[in-house]
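These notes concern the structure reproduced below.
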Amino acid sequence: MKGKPRIVVIGSLVFDFVAQAARLPRKGETVLGETFGMFPGGKGANQAVQAGRLGAEVYMVGRVGDDFLADRLLASLAESGVATEFVRRDPALKTASCCIHVDQDGNNSIIVVPQANLACSPEDVDRAGDVLRSADILLCQLEIPLTTVAYAIARAAQGGVPAILNPAPAQQVPASLLSQVSILTPNETEAELVSGIARTTDAGLVDDAWPRRATQTMRTLGPPTVVLTLGERGAYLATGSIQQQIPAYPVPAVDTTAAGDAFNGALAVALAEGRQMRDAVAFANAAGALATTRAGAQPSLAWRPELEALMQRQPI
C-alpha cells in the first residue's frame with residue numbers, strides 16, 4: 001500500500017444542539033430538560049472525521065458561515081487530522097445548525113437549518129480540483145445541493161476516481177447521477193426510495209428476500225456495488241459476483257447518531273487502503289458499531305486502535 005490513502009469528502013457541516021427530557025413537548029408546551037449537549041456534526045463532516053481518525057489523508061469540501069459555530073466545526077475536523085483549506089467561510093450566510101429534542105425512550109424531534117450548506121457549489125468543487133484528481137476515493141452525501149453532488153461525482157468519474165454516494169437523507173436521486181456512482185450505501189429507508197421496492201409484503205409481513213431484491217434493482221440503475229446498511233443486523237453487500245449479508249459487531253448501544261456516517265467514513269478508508277469489499281464492509285461495520293456506544297455525533301466516532309481492538313476481540 002502506498003502511504004496514506006487520500007479521501008476527499010464533499011458535503012455538509014452542521015452544529016448540533018441536543019436537549020434530552022423525559023418526554024417531548026406538545027404544541028405550545030415547555031418541559032424541563034435533563035441534559036444538554038453541543039456537538040459538531042453534519043453527514044459530510046462526520047464522515048470526514050471518521051476517515052481522519054482511521055488514518056487517512058482527508059480533505060473536507062463545503063461551506064460554513066463566518067461565526068463561532070464554524071470555528072468549532074473546523075476545529076473538530078482539524079483535531080481529527082482533516083484538512084479544511086477547501087471549507088469556505090461565507091460571510092453572507094450562517095453556519096448550518098440542528099436542534100434535536102430526545103425523550104427517555106430515544107424518540108426525537110429534529111429541526112435542521114441548512115443555511116451555508118445550501119450554498120455549497122460546483123465552484124467549491126473546482127477549488128479542490130487538484131486533490132480530487134489525485135484522490136483514492138470521493139465520498140458524498142445529500143445534505144448539500146444535488147447539483148453540486150452530481151457535479152463532483154461527474155468530475156471524479158472523468159478522472160477515474162471511484163465515488164461512494166451515501167444517499168442520505170432519503171430523496172430521489174437522478175439516474176444520470178447514479179450511473180456514475182461506484183458504490184452506493186443506502187440504509188433501509190433510503191433503499192426503499194431508490195429501488196422502489198417496499199420492505200414488507202402487501203400483507204404487512206417482512207420480506208426476507210428484500211435485501212437481495214432491492215440491491216439487485218439498485219445495481220441495474222448504475223452503481224456496480226451496493227452496500228445496504230441494516231443497523232444491528234450488519235450490512236448486505238451486492239456486487240456482480242457477491243450477494244452476502246455481513247454481520248454486525250454486537251455492542252451495548254447508547255446512541256445510534258452518526259453510526260451510518262461512521263460506516264461510510266470507514267468504508268472509504270478500507271477501500272482506499274486496498275481491502276477487498278467483504279473485508280472493507282466488516283471494517284465499516286466495526287466503526288458503525290463503536291459509534292453507537294457513545295453519545296453525540298463526532299464525539300462518538302472511533303480512533304483506529306479501538307476499532308482494531310474490537311475486530312480482534314470479535315472476529316467475524
Residues being within 22 Å of L132 (Cα to Cα), of a type in the set (F, W, Y) and not in a strand (DSSP E or B) - total across the range 56-76:
0
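Return the residue satisfying two criteria in turn: it lies in the range 162-209 and is of a type in the set (V, I, T) and assigned to a loop (DSSP other than H, G, I, E, B), and of such residues it is nearest to L237 (Cα to Cα). Give the steps one after another, and end with the answer.
Here is the first cut: in the range 162-209, the ones of a type in the set (V, I, T) are 164, 173, 181, 183, 185, 189, 194, 197, 200-201, 206.
Subset that is assigned to a loop (DSSP other than H, G, I, E, B): 173, 181, 185, 197, 201.
On the way: V173: 20, V181: 16, T185: 10, I197: 17, T201: 22 Å.
The residue in question is T185.
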Among residues belonging to the range 65-81 that are in contact with a Lys or Arg (Cβ under 9 Å, 6 or more places away or on another chain) and hydrophobic (A, V, I, L, M, F, W, C), point out the one that is nearest to A48 (Cα to Cα).
L74
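Any residue in the range 295-313 that is without any contact (Cβ under 8 Å) to a residue 60 or more places away in the chain, in a loop (DSSP other than H, G, I, E, B) and surrounded by fewer than 24 Cβ atoms within 10 Å (Cβ to Cβ)?
No, the conditions are met nowhere in the range 295-313.
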Got at least one residue in the range 102-123 being more than 29 Å from L290 (Cα to Cα), without any contact (Cβ under 8 Å) to a residue 12 or more places away in the chain and not hydrophobic (A, V, I, L, M, F, W, C)?
yes
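Picking from R212, R155, which residue would you name as being in contact with a strand residue (DSSP E or B) (Cβ under 7 Å, 6 or more places away or on another chain), without any contact (Cβ under 8 Å) to a residue 60 or more places away in the chain and either not in a loop (DSSP other than H, G, I, E, B) or not polar (S, T, N, Q) (or both)? Let's see the steps before the verdict.
Details: R155 fails: in contact with a strand residue (DSSP E or B) (Cβ under 7 Å, 6 or more places away or on another chain).
Only one candidate passes the filter, namely R212.
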So if I check each of A78, A83, which one is within 21 Å of the chain's Cα centre (by Cα), without any contact (Cβ under 8 Å) to a residue 12 or more places away in the chain and surrounded by fewer than 21 Cβ atoms within 10 Å (Cβ to Cβ)?
A78
Conditions: (1) crowded, with 19+ Cβ neighbours inside 10 Å; (2) aliphatic (A, V, I, L, M); (3) closer than 14 Å to A286 by Cβ. L237 meets all but one. Number of the miss?
(3)
Counted residues in the range 46-84 being out of contact with any Ser or Thr (no Cβ under 7 Å at 6 or more places or on another chain) and aliphatic (A, V, I, L, M) come to 9
Scanning the range 242-258 for residues that are within 19 Å of Q20 (Cα to Cα) and among the small types (G, A, S), which turns out surrounded by the most Cβ atoms within 10 Å (Cβ to Cβ)?
A258
Could you check Q47 against (1) under 24 Å from R304 (Cβ atoms); (2) outside any strand (DSSP E or B); (3) out of contact with any strand residue (DSSP E or B) (no Cβ under 6 Å at 6 or more places or on another chain) and say which number it fails?
(3)
Single match in L118, L139 (criterion: outside any loop (DSSP other than H, G, I, E, B), buried (at least 21 other Cβ atoms within 10 Å of the Cβ) and hydrophobic (A, V, I, L, M, F, W, C)):
L139
All but one of (1) buried (at least 21 other Cβ atoms within 10 Å of the Cβ); (2) in contact (Cβ under 8 Å) with a residue 60 or more places away in the chain hold for V64, so report the exception by its number.
(2)
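Values in this text are rule-based calculations from the coordinates and carry no lab data. Predicted model only: the values in this text are computed from it and were never measured. So basically every Cβ, Gly included, is an ideal-geometry build from the backbone, and we count neighbours across all protein chains shown.
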